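Below you'll find the structure, written out as structure tokens, and then a few comments.
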Amino acid sequence: MTGNHTQIWLKCLEVIKDNTSAQSYNTWFKPIVPVSFVNNVLTIQVPSHFFYDWLESHYIDLLRKTIKKVIGTEGKLEYRIVMDSAGNANSSIMTQPSHHQYYKRNAIGAPSPEKMSEGPINPFVIPGLKKLEIDSQLNDSYTFENFVEGDCNRLAREASLAVTENPGGTAFNPLLIYSGTGLGKTHLCHAIGLRIKEKFPEKTVLYVQSEQFINQFVNASKNQNLNDFVHFYQMIDVLIIDDIQFLAKKTKTQETFFHIFNFLHQNHKQLVLTSDKFPVDLEDMMPRLLSRFKWGLSADIQKPDTATRVAILKNKLYNNGIVLSEDIIEYLAASMRTNIRELEGVLISIVAQSSLNKKEITKELAQQIIDRFVKSSAKNVSVEYITNIVCDYFGIGIDQLSLNSRKQQIVQSRQIAMYFSKKYSNVSLAIIGKQCGNKDHSTVHHACKTISDRIETDKQFKAMMEDIEKRILI
């Protein structure tokens, strides 16, 4: 068959459009650019290796049938993939295999001609040893089904779904999801883990917060069983680490994670990471570790637009059996623009007020809650403001928070300041620690847990905390 490559691809698109949803068509086929048609081989250009892998994983049968219908039984398809190497876009051509297989990848991510070998025997698997059984630390409520998709998170969600289809066997390994606070990174992490456990029950899946990983490393080092720590993580099939940015400045922890990362990646195990920044913006990280973060796909999540916020609210209401009028839902979505966590927090507050006071949920009630919430959030965003209130309450100077004193008054004041800073400020634990006595984020985490536990068990202490909180929210 002969003809213009553009005309041939347009005919292919007609077939594809009739056999896919509008969303799939617009996302995965409209961006494709036809390049050439020579000797029955149609070459098309796709914007990334991730794009190629997705087409091969999900649409290979449709593409094969389409090529056969438009070009004929002799028709073939080639991809020209735009690869990003050292900041320069270099086109490289990749021929579509007859059926989707898993290939070894070279340094820049292109498949090599030979198929993947069985690989070396794992020296840490002892014959007769049962499969590692651990608590995956996954939250069953964070699923793909209740994660609302929008333009702000579509790439991250679809990449996450792709990982669950073939963990460790796609181009997006590692998968790095980055965004600001409260936009859904953690939700996607748990959703990935839960789906993989469902589809591949034989795989060992582990979700770990970076703070937990750091604390485990410190304890292993102190107890001189670092080898056991490393060996444990090397036996994980799907490792999900949340808030990887907290490894900053932890040189020894980074070094150990670097070796764990290499082992897992080389053995085709899936790595999923989250961060509050794009890899290039992460500071105080080992360059060779950062380079590995960029091996796979980095997908960001933006703040949701109004339509997505409305969809999130409706999903939350439906799951909780609550009915609200459209005008109140739209009002809430229009008023709360910061992040999903705060949006859901306002909704919970409104429902709680209505239930406890036996009031109908009206726009006026929503207005009152939002005004109070926005006021407190805006006023208390400063850690300095909170530390001033706490220090004034206990009659100590702010400079005393930096003292390495074991005096109960100073230790307690610092912990309370950290607790309220985490609750009401919009900054990281690392920044809170720096401003509350120049401590690290793990100290802040410990302080917040200590205060939370004491609130639950000490009525007098709880009353004091409520008194301080009122002063903060005035």
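Read the figures in this text as sums done on the coordinates, not as results from a lab. Given the structure is predicted, the values throughout are model-derived calculations rather than measurements. Positions of Cβ are generated from backbone atoms using ideal geometry, with glycine treated the same way; all protein chains shown enter the neighbour counts.
Quick one: length gained pulling N223 to D284 fully straight, 0.36 nm per residue minus the C-alpha distance?
Between N223 and D284, full extension yields an extra 19.3 nm.
For segment 245-281, which trypsin sites (Lys or Arg not before Pro) are in a loop by DSSP, counting at most 16 other Cβ atoms within 10 Å?
K249, K277
Indicate the gyration tensor shape class of segment 383-473 (rounded, prolate or oblate), computed on the Cα atoms with a ≥ b ≥ c the square roots of the eigenvalues: a/c under 1.5 is rounded; otherwise a/b larger than b/c is prolate and the rest oblate.
rounded
Relative to the compact globular guide of 2.2 N^0.38 Å, what is the alpha carbon radius of gyration of segment 390-431, as a ratio?
Compared with the compact-globule rule of thumb, segment 390-431 sits at 1.16.
Quick one: which residues, 5+ away or cross-chain, put their amide H under 5 Å from the amide H of V33? H built at 1.01 Å from N.
Result for V33 returns Q45.
If I model a spin label at K17 and E384 as a point 7 Å from the Cα along the Cα→Cβ vector, what separation in nanometres do I get?
The two pseudo-label positions are separated by 5.8 nm.
Return the loop-located GluC sites (Glu not before Pro) in segment 228-330 (DSSP other than H, G, I, E, B) with at most 12 other Cβ atoms within 10 Å of their own Cβ; answer none if there are none.
When the GluC sites (Glu not before Pro) of segment 228-330 are filtered for loop state and at most 12 Cβ neighbours within 10 Å, E283 remain.
Taking segment 147-240, which GluC sites (Glu not before Pro) meet the DSSP loop condition and have no more than 11 other C-beta atoms within 10 Å?
The qualifying sites are E202.
For Q408 and D305 in one chain, what is 0.36 nm times their gap in residues minus the Cα-Cα distance, to one decimal in nm?
Full extension from Q408 to D305 adds 32.4 nm.
Just check segment 1-79 against the gyration tensor rule for me: Cα atoms, a ≥ b ≥ c as the square roots of the eigenvalues, rounded for a/c under 1.5, and otherwise prolate or oblate depending on whether a/b exceeds b/c.
prolate
Please compute, for the alpha-carbon atoms of segment 154-300, the extent along each of the three principal axes and give them in descending order in Å.
Taking max minus min along each principal axis of the Cα atoms, segment 154-300 gives 42, 36, 26 Å.
Report the FRET efficiency, 1/(1 + (r/R0)^6), for Y25 and K249, where r is their Cβ-Cβ distance and R0 is 35 Å, rounded to 0.05.
Using R0 = 35 Å, I get an efficiency of 0.15.
Which distance in nm do the two modelled labels at R454 and K470 give, with both placed 7 Å along the Cα-to-Cβ direction?
2.0
Using a Förster distance of 30 Å, how high is the FRET efficiency between K76 and T143, based on the Cβ-Cβ distance and rounded to 0.05?
Once rounded, the FRET efficiency stands at 0.15.
Can you tell me the length gained on complete extension of the stretch E198 to A463, counting 0.36 nm per residue apart and subtracting the Cα distance?
That pair, E198 and A463, stretches by 90.9 nm at full extension.
Please compute the modelled spin-label separation between E364 and L10, points set 7 Å along Cα→Cβ, answer in nm with one decimal.
The two pseudo-label positions are separated by 6.2 nm.
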